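I have placed the structure first, in the form of structure tokens, so that the comments after it can refer back to it.
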Amino acid sequence: TTNLSRDAVLRERAARVIPGGLWGHLNAAKLPAGYPQYYSRAEGCRLWDVDGREVVDFMSSWGPIVLGHHDPVVEEAARRQAQLGDCMNGPAPVLVELAERLVASIPHAEWCLLAKNGTDATTACVTIARAATRRRKVLVARGSYHGAVPWCSPSTAGVTAEDRAHLVFYDYNDVASVRAAAEAAKCDLAGILVTAFRHDMSRTLDLPDPAFARALRAICDETGAALILDDVRAGFRLHLGGSWETVGVRPDLAAYSKAIANGHPLAAVTGAEWLRRAATEVFTTGSFWCGAVPMAAALATLEELQRIDGPARMRAMGQRLRDGFAAGAERHGLRIIQSGPPQMPLLQFAGDADFRLGEAFCAAALAAGAYFHPRHNMFLNCAHDAAAVDRGLEAAEEGFAAVARLSG
Ligand code: PMP
């Protein structure tokens, strides 16, 4: 084993005691060869793997890191709360401060509940909508990800038909398909669930058509169903008042997590007044859900994002990355497809249905010091400055050269 990398040694040990080596979305087996699985350190927008290689990171832990790793303001707030208490018989005062801040800054919100993971929040939204309406059907976009429990998991292993019996599917940005799904649900329609934009893995990203967003609002208003925005992935990156402020449509319920506490474990559900009673009746809780440290981190994160206008900063740096990708592809005579909001971009190569070119690009860029993803939207964070983006673009140059060799 002496010539094996530390990463390879850890993977070999893990393979014996962890099913599949690692559960879920952070399993590096799904990435091109060369991507590390284990990390020793992170700072700002940089990561060091266990073999000491440094990269500029454009995944931001798949969303949670929004200000940058070890943001000093967030970590100081977390440390101060940790010295007082974290997991106690009840919450710390910071819960009320955070809830007040969320309700004040998210226009549709009259109340909020906190949880740990995005799945907790989306599941609570669906349950609250059903409790409030005493109906069962929920419309869900085909291919949208809402979490990792049986009603919504992308895997069907261990899932029963009954777990999903009351989902009715529509196509994102297709109003006619939503109308048809709503008609199929008849008078049993409890809610319509929708992500902030279409960000399905391995597919070009689509921003929400404002007419589509308005149609969902209108159908909910006509039928008394709840419009549920799953803002887990995009929340606090696109707009601090909820991502659909960008299209002028307000949901009845929204689910947040990922970026809310800059990497500390927290999720939130925000809701309109008419859902308050149902939110009281539903039993939603967990042993760690009143932990005070992540709440202190969230309060500091949201204040910082507002103080520095985080969404605008990430948008500008995402645009710089996107412009650099366009120039690099042009230099190499490559046709690329760029999609998504600049804060959460995706780069694809034209005609690359099997992602062979995208994977070659990412593998070469990684070896040159930038961590990109070939299939999933990437995430800018506020620690990306012009120098970091330009460093990423230098590495991307190696990626474009590799693709040019393959397709030349
Ligand atoms: N909804 C969306 C849109 C997501 O992107 C995710 C996480 N990728 C979830 C829900 C589930 O969040 P979590 O993994 O924190 O449970």
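The values are calculated or read from the model by the stated rules, or taken from the named source; none is laboratory data. Not measured: the values here are computed from a predicted model. Neighbour counts are summed over all protein chains in view; Cβ atoms, including those assigned to glycine, are modelled from backbone coordinates with ideal geometry. All accessible areas refer to the heavy atoms of the entire protein, side chains included, with ligands and DNA or RNA removed. Shrake-Rupley method; radii C 1.70, N 1.55, O 1.52, S 1.80 Å.
Numbers below:
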item	result
Scaled radius of gyration (Cα, divided by 2.2 N^0.38 Å) that region 72-307 gives	0.99
Cβ charges +1 (Lys, Arg) and -1 (Asp, Glu), total dipole of region 66-181, debye	600
Calculated P(r) tail over 41 Å for the chain, as whole % of Cα pairs	15
The chain, helix-only ellipticity at 222 nm - DSSP H runs n ≥ 4, -39,500 (n - 2.57), divided by all residues, nearest 500	-12500 deg cm²/dmol
Neighbourhood charge, 10 Å Cβ-Cβ cut-off, centred on residue 267 and excluding it, Lys, Arg +1 and Asp, Glu -1	+1
Most mobile listed residue (302, 22, 229) in the chain, GNM with C-alpha springs under 10 Å	22
Summed residue charge, Cβ within 14 Å of residue 277's Cβ, Lys/Arg positive, Asp/Glu negative	-1
Qualifying aspartates and glutamates (Cα of each under 14 Å from Cα of residue 186; at least 8 residues distant if same chain)	222
Estimated dipole of the chain in Debye, rounded to 20 [Cβ of Lys and Arg +1, of Asp and Glu -1, Cα centre]	640
Rel. contact order, % - alpha carbon contacts under 8 angstrom, at least six apart, the chain	22
Positive-end residue of 288, 370, 386, charge dipole of the chain with Cβ unit charges	288
Calculated from backbone phi, Karplus (6.51, -1.76, 1.60) coupling profile of region 344-356 in Hz, x at Gly/Pro	9, x, 9, 10, 10, 9, 4, x, 9, 4, 8, 6, 5
Accessible surface of region 1-101, 1.4 Å probe, proportion on carbon and sulfur as whole %	56
³J(HN,Hα), Karplus 6.51/-1.76/1.60, whole Hz, each residue of region 155-170, x for Gly, Pro	9, 9, 4, x, 9, 9, 4, 4, 4, 10, 4, 10, 9, 10, 9, 9
Dipole magnitude (debye, nearest 20) for region 72-307, charges at Cβ of Lys, Arg, Asp, Glu	300
FRET efficiency, residue 222 to residue 3 (Cβ-Cβ, R0 56 Å, nearest 0.05)	0.25
Crossing angle, helix 6-17 versus the chain [Cα axis fit, 0-90 degrees, rounded to tens]	40
Residue 211/residue 28 FRET efficiency (R0 35 Å; Cβ-Cβ; nearest 0.05)	0.30
Rh by Kirkwood over Cα pairs, then Stokes-Einstein D for region 1-151 at 1.306 mPa s and 10 °C, µm²/s	81
Stretchable slack from residue 79 to residue 180, in nm (0.36 nm times residue separation minus alpha-carbon distance)	31.2 nm
Most mobile listed residue (304, 110, 162) in the chain, GNM with C-alpha springs under 10 Å	162
Violating pairs (Cα-Cα greater than 31 angstrom) within the set 30/116; 30/258; 137/258; 116/137	none
The chain - accessible surface per residue (Å², probe 1.4 Å)	44
Extension gain, residue 273 back to residue 62 (0.36 nm per residue minus Cα-Cα distance, nm)	72.8 nm
Region 257-339: radius of gyration over Cα atoms, expressed as a fraction of 2.2 N^0.38 Å	1.69
Angle between the chain longest axis and helix 72-84 axis [Cα atoms, degrees, rounded to 10]	60
With Cα atoms, 0 to 90° folded angle of helix 310-331 axis to the chain main axis	40
Heavy-atom accessible area order for 156, 119, 223, largest first, 1.4 Å probe	156, 223, 119
Per-bin percent of Cα-Cα distances, region 140-183 [5 Å]	5, 23, 26, 21, 15, 8, 1
